[in-house]
Amino acid sequence: MIPTIVCGVAGRMGSRLVDLIRSSSKLSLLAGVEAPGSFAIGTHIGDAPVVDDLAKVLDRGQVVIDFSHHEATVHHVQLARDHKKPIVIGTTGLDEKEIKEIHAASQAIPVCFSPNMSVGVNALFKLIAEAARILGKDYDVEVVEAHHRLKKDAPSGTAMKIAEVLTAALNRNLKKDLRFHREGMVGERRPEEIGIQSVRGGDIVGDHTVLFAGPGERLEITHRATNRDNFARGALLAAEWIVGKKPGLYDMQDVLGLK
């Protein structure tokens, strides 16, 4: 069994990770980590304590899974680097500086960093890249994502990964060609645009649609998550896979053998 530490253990994703780890034949829960002041600090999940600092338990763990706050994630990555422990990161909302810290840490330890751990979403990434290459520049591309009303960041990390996949496949510019907002007399749509629109409401777990609109037809590829277990299962696959890997920056495409 692989002793596993879950950061953000009391959150929505953390609680699902715990339940699935407890029924896993390959992973065991060593400890959970929560922000100082959390109601969960000092409690136990089975025999696993919940602590306020990853450093307190890291030496005894074999892999870290992080679904915490973006600022905490950077600290956890730095600790994992210092202790030579592999880490799986599913946290979203990271800024460019924080992402650079993750990239830097991956030079010393194996890091699996993916905005979406779902197997289905990673199949979506593969499919939209192929569709973009087949359809080419004559089809306008739009991305629509929908999430629950409590989600703090927009667009979602998955939508931005979709944008990266599309811009690479279509030879577009990620910073120049994305269009996040339209209002008023905005003029005709530029052929190079990739529109990204965000919907927030209710308890939507996560919907992502890529629309290819061409002359006389359109193609839509959609992934809908109905619960968080698909993300959690993917994260556990990544945790099993990354133990023993060489230092480097990996994602779910690597874990699933899709590259």
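With the condition kept exactly as written, say whether any residue in the range 60-69 is of a type in the set (Val, Ile, Thr), within 21 Å of LEU150 (Cα to Cα) and in the same structural domain as GLY248 (by TED's automatic domain parsing). Checked against the condition, which is being of a type in the set (Val, Ile, Thr), within 21 Å of LEU150 (Cα to Cα) and in the same structural domain as GLY248 (by TED's automatic domain parsing), the range 60-69 yields no hits at all. Answer with yes or no whether GLU188 is over 18 Å from ASN116 (Cα atoms), of a type outside the set (Val, Ile, Thr) and surrounded by fewer than 19 Cβ atoms within 10 Å (Cβ to Cβ). When the stated conditions are applied, GLU188 passes them. For the range 219-235, filtered to residues that are touching a residue at least 24 places away in the same chain (Cβ under 8 Å) and more than 18 Å from the chain's Cα centre (by Cα), the residue that is farthest from ASN116 (Cα to Cα) is LEU219. The set of residues from the range 196-213 being in contact with a Lys or Arg (Cβ under 9 Å, 6 or more places away or on another chain), more than 16 Å from THR158 (Cβ to Cβ) and part of a strand (DSSP E or B) comprises just one member, PHE212.
Figure legend. Inter-residue proximity from the range 163-185: first residues part of a loop (DSSP other than H, G, I, E, B), second residues surrounded by 13 or more Cβ atoms within 10 Å (Cβ to Cβ) and not aliphatic (A, V, I, L, M), beta-carbon distance below 6 Å, spacing 6+ or different chains. Indicated pairs: ARG172/GLU192. For SER25, the requirement of being small (Gly, Ala, Ser), over 25 Å from LEU94 (Cα atoms) and either at pLDDT below 95 or buried (at least 23 other Cβ atoms within 10 Å of the Cβ) (or both) is met. When PRO115 is tested against (1) part of a loop (DSSP other than H, G, I, E, B); (2) touching a Lys or Arg at 6+ places or on another chain (Cβ under 9 Å); (3) touching a residue at least 60 places away in the same chain (Cβ under 8 Å), just one condition goes unmet, and that condition is (3). Reported count of residues in the range 81-104, each being crowded, with 16+ Cβ neighbours inside 10 Å and either among the aromatic types (Phe, Trp, Tyr) or farther than 18 Å from GLY8 by Cβ (or both), is 1. The set of residues from the range 138-171 being surrounded by fewer than 19 Cβ atoms within 10 Å (Cβ to Cβ) and touching an Asp or Glu at 6+ places or on another chain (Cβ under 6 Å) comprises just one member, HIS148. Listed by first and then second residue, the pairs linking a residue in the range 236-259 that is assigned by TED's automatic domain parsing to the domain that holds PRO86 and part of a loop (DSSP other than H, G, I, E, B) to a residue that is at pLDDT 95 or above and among the hydroxyl-bearing types (Ser, Thr, Tyr), with Cβ atoms under 9 Å apart and 6 or more places separating them unless they lie on different chains, are PRO247/SER106. Residue-level check: of (1) in contact (Cβ under 8 Å) with a residue 40 or more places away in the chain; (2) in the same structural domain as VAL6 (by TED's automatic domain parsing); (3) touching a Ser or Thr at 6+ places or on another chain (Cβ under 9 Å); (4) not basic (Lys, Arg), PRO86 misses just (3). Taken together, the criteria place PHE39 among residues that are surrounded by fewer than 22 Cβ atoms within 10 Å (Cβ to Cβ) and either on the phi < 0 side of the Ramachandran plot or modelled with pLDDT under 95 (or both).
The values are calculated or read from the model by the stated rules, or taken from the named source; none is laboratory data. Note that this is a predicted model, so its numbers are computed, not measured. Because the Cβ atoms are built from the backbone with ideal geometry, glycine has one as well, and the counts that use them run over all protein chains shown.
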